[in-house]
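So the structure is just underneath, and the comments pick up after that.
None of the figures in this text is laboratory data; all of them are computed from the coordinates on show. All values reported here derive from a predicted model rather than from experimental measurement. For neighbour counting, all protein chains shown are included, and Cβ atoms are generated from backbone atoms with ideal geometry for every residue, glycine included.
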Amino acid sequence: MWFKQLSFYRLADVVDQAALTAALERRPFQPCMGLDWFSEGWVPPAGHLDAPVYAGRGSLLVSLRREDKVLPASVIRDFVDMKVQEIEDKELRKVGRKEKLALKEQLTDDLLPRAFVRSGRTLAYIDNNRQWLMVESATASKAEALVSKLREALPPFPAALPRTQLAPHAAMTDWLAAGEAPGGFELDADAVLRDSSENGAQVRVSRIDLTADEIRQHIATGKHASMLGLIWNEKIRFQLTDSLQLKRIQFLDVLQEEASQAGDDRESLFAATFLLMSEELGELVSALVEALGGLEDSQQHKEAA
């Protein structure tokens, strides 16, 4: 349940639980069959749940499952080569390019139903209190795929990437230059610094004091921060990227112990973990946006009560 990475989107309005549940129930996950290369659909967020939406204190948790057929190009090529050799040996003629392409299509169709399947899921939750969509992915394409499926299920589902007053790379660079981060944030021990010139030189540092002179020297020579390790309120450690994504999220012991005290069975532990995680991540994102000067005017609206 503890998210390890995060992409977040600004929502234009609150999302109704009943409408969302009904919409996702109409689009359940179906296994990848026959000649399909992939399939995706909505599943319950946990094994003990039946519905595709789990609600907890103003947040709605969902899970998108995807299956992909695994059929490497090298395997198809080997089968095509064997078939071409068989035809040439039997019919004593050369197989032309167009015939090879037709053989490739035919053999691909023959192999697809027998291909291995790779499956995975993406968790996300809608924070109706703060009007954020939180997706457990720091891969833009994967996060956007989930948003697209939500738009298909519940159109128009207006969700937009956050646009802050300060660019993340500029703010992170300023924090390093000052040797401290604002608000409840503190510098951790890893960062990536990039040269803005054409050669794009990059310096990656790990397990180092980010207030050291050598870090400020890199900034003085024109490098800017594209990733910065931060700790929020001594509760959550993470890496912030210049695309405003959170990677390598670690919920520190104080939070995990608090969740574990809620009960021993999986239902109560799941509920406690989700409530605690969604509340803390929501506060972290709000604090982070504030540290970046707030949202642009077009994305500001009154938070739900």
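Couple of notes before you dig in:
- Residue count for the range 78-101, restricted to those that are part of a helix (DSSP H, G or I) and either touching a Gly at 6+ places or on another chain (Cβ under 7 Å) or surrounded by 12 or more Cβ atoms within 10 Å (Cβ to Cβ) (or both): 10.
- Test: residue in the range 226-235 that is in contact (Cβ under 8 Å) with a residue 60 or more places away in the chain, closer than 17 Å to Gln5 by Cα and of a type in the set (Gly, Ala, Ser): no
- The set of residues in the range 211-239 being touching a Lys or Arg at 6+ places or on another chain (Cβ under 9 Å) and either among the β-branched types (Val, Ile, Thr) or crowded, with 19+ Cβ neighbours inside 10 Å (or both) consists of Lys223, His224, Ala225, Ser226, Met227, Gly229, Leu230, Ile231, Phe238, Gln239.
- If you go through the range 236-274 and keep only what is without any contact (Cβ under 8 Å) to a residue 24 or more places away in the chain, in contact with a helix residue (DSSP H, G or I) (Cβ under 8 Å, 6 or more places away or on another chain) and among the acidic types (Asp, Glu), you end up with just Glu258.
- The range 28-70, residues that are more than 18 Å from Lys142 (Cα to Cα), surrounded by 16 or more Cβ atoms within 10 Å (Cβ to Cβ) and either touching a strand residue (DSSP E or B) at 6+ places or on another chain (Cβ under 8 Å) or aromatic (Phe, Trp, Tyr) (or both): Cys32, Pro44, Ala46, Pro52, Val53, Tyr54, Ala55, Gly58, Ser59, Leu60
- The range 121-212 holds strands (runs of 3 or more DSSP E) entirely within its bounds, and those carrying 2 or more residues that are more than 26 Å from Lys235 (Cα to Cα) map to 185-195, 202-206.
- Leading residue by the ranking (farthest from Gly34 (Cα to Cα)) among those in the range 81-132 that are in contact (Cβ under 8 Å) with a residue 60 or more places away in the chain and charged (D, E, K, R): Arg130
- Those residues of the range 30-74 which are outside any strand (DSSP E or B) and touching a helix residue (DSSP H, G or I) at 6+ places or on another chain (Cβ under 7 Å), in sequence order: Gly34, Leu35, Ala46, His48, Ala51, Pro52, Val53, Arg57, Leu71
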